[in-house]
Amino acid sequence: MDLGIGGRRAAVAAASAGLGLACARALATEGVRVVLCGRRSDRVEAAAAALRADGGDVLGLVADVSDAGGGTAFVRQAAEALGGVDILVTNAGGPPVGTFASTDLAAYPPALEQNLLSTIAMCKAAVPAMAERGWGRVVAITSMTVRQPAPTLILSNTARAGATAFLKTLATEVAPTGVTVNSVQPGLHATDRLAQLHGGDLSAAAATVPAGRVGDPDGFGAAVAFLCSEQAQFITGAALSIDGGAYPGLM
């Protein structure tokens, strides 16, 4: 299916590896011009070069989107390189683990910067111009813990739930302008990070997923690309679980 986004311009944050890279790959495959970023120049250039080798129009930028200033700077750099941004995929790493008892109050502001304020800042930098042009797509990568908080991830639970509320509110406000705003909530996927956490053996992780396997990052990227498509123009304000059925609730 032609998603109707060939020639569009995308900024994909934290995309030198993992799910962010899968999103950049899926968009580039659809003919989208992509700027991706990461913190390490070697990984950024390797990721961009690999996508270019597959025929993608991809540029890599070194940028740290773990705070609002970094998020704003990345979007502005991407817009300058592309002549504008039509598609924004927000993403960032997670804050440290911890519980209520073990997490000091001072740990909350950096977590909110990383997983809430950076998302807000990237949207602030990209969405007004999208609204003026009458077309835009924002897809934020959050986590399945927004629906089912993990007991040892209180910082991530708090910040990403806040981001989800922000995105829902933004979606409603800009819906008349032709801009859609959605989030995707990944469960366990076969990324380098998950492999590191499990010593390279993902069988234990797969056993916790009703589908009986961990997710394919490229499948995740394809779902994100669909949300950026012309066909998805009436989908906005959604928070989509991509977790192989791991979330047990009805809503």
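The values are calculated or read from the model by the stated rules, or taken from the named source; none is laboratory data. Keep in mind that this is a model prediction, so the values were computed, not measured. Here Cβ is always computed from backbone atoms with ideal geometry, including for glycine, and neighbour counts include all displayed protein chains.
Would you tally the residues in region 14-26 being within 13 Å of residue 91 (Cβ to Cβ), aliphatic (A, V, I, L, M) and either touching a Cys at 6+ places or on another chain (Cβ under 6 Å) or outside any loop (DSSP other than H, G, I, E, B) (or both)? Steps first, please.
Here is the first cut: in region 14-26, the ones within 13 Å of residue 91 (Cβ to Cβ) are 14-24.
With aliphatic (A, V, I, L, M) added as a condition, the list becomes 14-15, 17, 19, 21-22, 24.
Those left that are additionally either touching a Cys at 6+ places or on another chain (Cβ under 6 Å) or outside any loop (DSSP other than H, G, I, E, B) (or both): 19, 21-22, 24.
The total comes to 4.
Of the residues that make up region 181-195, is at least one within 22 Å of residue 24 (Cα to Cα), part of a loop (DSSP other than H, G, I, E, B), modelled with pLDDT under 95 and of a type in the set (Ser, Thr, Tyr)? Outline the logic, then answer.
So the first thing to find is which residues in region 181-195 are within 22 Å of residue 24 (Cα to Cα), and the list is 181-195.
Those left that are additionally part of a loop (DSSP other than H, G, I, E, B): 187-188, 190-191.
Next, only the ones that are modelled with pLDDT under 95 stay: 187-188, 190-191.
Going one step further and asking which of them are of a type in the set (Ser, Thr, Tyr), we end up with 191.
Yes, that holds for at least one residue.
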Margin query: Please pick out the residue among 175, 223 that is under 27 Å from residue 120 (Cβ atoms), assigned to a helix (DSSP H, G or I), touching a residue at least 40 places away in the same chain (Cβ under 8 Å) and in contact with a strand residue (DSSP E or B) (Cβ under 9 Å, 6 or more places away or on another chain).
Written below: 175
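Kindly indicate whether residue 207 is at pLDDT 95 or above and surrounded by fewer than 20 Cβ atoms within 10 Å (Cβ to Cβ).
Numbers: at pLDDT 95 or above: no; surrounded by fewer than 20 Cβ atoms within 10 Å (Cβ to Cβ): yes.
Here the answer is no, as residue 207 does not meet what is asked.
To keep it simple, each residue is scored yes or no on (1) of a type outside the set (Gly, Ala, Ser); (2) touching a Lys or Arg at 6+ places or on another chain (Cβ under 8 Å); (3) farther than 22 Å from residue 188 by Cα.
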{"position": "18", "(1), (2), (3)": "no, yes, no"}
{"position": "22", "(1), (2), (3)": "no, no, no"}
{"position": "39", "(1), (2), (3)": "yes, no, yes"}
{"position": "46", "(1), (2), (3)": "no, no, yes"}
